[in-house]
Structure formats: C-alpha cells, structure tokens
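A short worksheet on the structure shown next.
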Amino acid sequence: MRAHYFQHVPFEGLGSIGPWLESHGYTVTGTRFFESADLPDPGAIDLLVVMGGPMSVNDEAIFPWLALEKHFVREVIALGTPVLGICLGAQVIANAMGAKVFANHHKEIGWFPVQAVDSMEASVFGFPRSETVFHWHGETFDLPPGAIRLAKSEGCENQAFQLGKGVIGLQFHIETTPESAREMVSQCRDELVPSRYVQTGEEILSASPERYKSMNDLTGSILAFLQRGNH
C-alpha cells in the first residue's frame, strides 16, 4: 500500500501520522510544494494525506500549485481513494469540492476542545464527545455539497467533516507532537496576539504528554477508519 502526502511548508510535516503509516505497512511518498509540484499518478496511491500551512487556499495567484493540488484532490476523490485533510488540507478538500473558504470570526491558536456533532448516518466516523486538540488557523470553510459535519467548537462551527465513506477534513491538527508544536511556535510566533481563542507560546508548549497521546490516538483511529473504508 502506498500513502502519499502533500506538505506545504517545511515546519508542518506528518508528525504522528508518519509512524502510524509505517507501522501499518504503507510505503510513504510525498510532494513538498515548497520544493517542487511534482505529482504522482492519482491511480497509484491508496491514501492521500494533505497537511497544513499558513497560506490560504484562495492564494492561487501567489502559489500557482494550489490549482494543481485541488485538481489532484478532485481526481483522487473521484477514484474513491481515502483522503485525510489537516487544517489547510481540510480547506483544500472543501474548496476543491465546491465550498468557499473565508476568514473565521476568531483565530484559534492553541489547545481548545472540539465537540462531536451527532449524525444518524451509520457510515460516519464516530468522533469523541469532546476532545482537546491543537489549533492554528484563521480561516474556515463551508461544508462541501454532500458532506456531513463531524465536530464543532465554540470558536468555529465547522471543525471536521466527512464526505462519502473515505474523505475526512479536520480544521485542527491531530498530528502534532511536542517537536512540531515547538517548531510552529518558533516559525509563527508573530501570530500569537492574545485574544479569546489564542494562547501564548508558553501555554501552547506546556501541554502534557497525556494530551498529545490522547490526540495522537485519535489520529490513529481516524486513519484506521479510512483504511477500513478502502477494503
């Protein structure tokens, strides 16, 4: 099995997703758009993971590869291949599938809880009733046509969605490790302007190992759900 990932900036990599993929038998390949926009054959991958980044999906004039990325995402989804989008990645999926991406009422940066949204659909991922996760975003999205909302928060109405059986978009970061959190704080510290849903760098980096573990366990559960949907 081959998992391919899209990475938009050097400091937002796979995090805890990488070890999970390797331990579950995947060969992992990637496109690092900050180096090259070389894309694989859409039919040659078994899972696509689209990571985060500080740019907007609306910045195609600045980052022309965004248009290529969205086209590729549409192709992969049309093939029925599982797709997971993280933060910018979720916005890429939403936008590629016809939804608008725009500024949220609040920036969310730091550790805040998200709550599950009840669904009557049997084929949707069973999101935890409440989970404290890592956020770093200023934009949000409408749900693409046919998508089911999985989670929300006080600061952002659309935190997670599922499209069909095998596409999940998460506005938050479930892959974050202590190392990647330090890197994001270091690279994007200028965004840490105190507000209702923006924590200080010190607050962000004081998260306990248990908090990371709980969130990374959720990462594994979501990936296992997507993997099962492909068999």
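The values are calculated or read from the model by the stated rules, or taken from the named source; none is laboratory data. Quick caveat: nothing in here was measured; it's all calculated off a predicted structure. All Cβ positions, glycine included, derive from the backbone under ideal geometry; neighbour counts span all protein chains shown.
Of note:
- Every listed requirement among (1) in contact with a Pro (Cβ under 9 Å, 6 or more places away or on another chain); (2) in contact (Cβ under 8 Å) with a residue 40 or more places away in the chain; (3) of a type in the set (S, T, N, Q) is met by residue 16 save one, (1).
- Any hit, region 210-220, residues being in a loop (DSSP other than H, G, I, E, B) and under 19 Å from the mean Cα position of the chain (by Cα): no
- Members of region 178-206 found to be buried (at least 19 other Cβ atoms within 10 Å of the Cβ), among the hydrophobic types (A, V, I, L, M, F, W, C) and not in a helix (DSSP H, G or I), listed by number: 192, 198
- Region 192-231, residues that are modelled with pLDDT under 95, in contact with a Lys or Arg (Cβ under 7 Å, 6 or more places away or on another chain) and farther than 29 Å from residue 23 by Cα: 195
- Test result for residue 3, without any contact (Cβ under 8 Å) to a residue 60 or more places away in the chain and within 21 Å of residue 152 (Cβ to Cβ): no
- Residue list for region 204-214, filter: closer than 17 Å to residue 153 by Cβ and not hydrophobic (A, V, I, L, M, F, W, C): 211, 214
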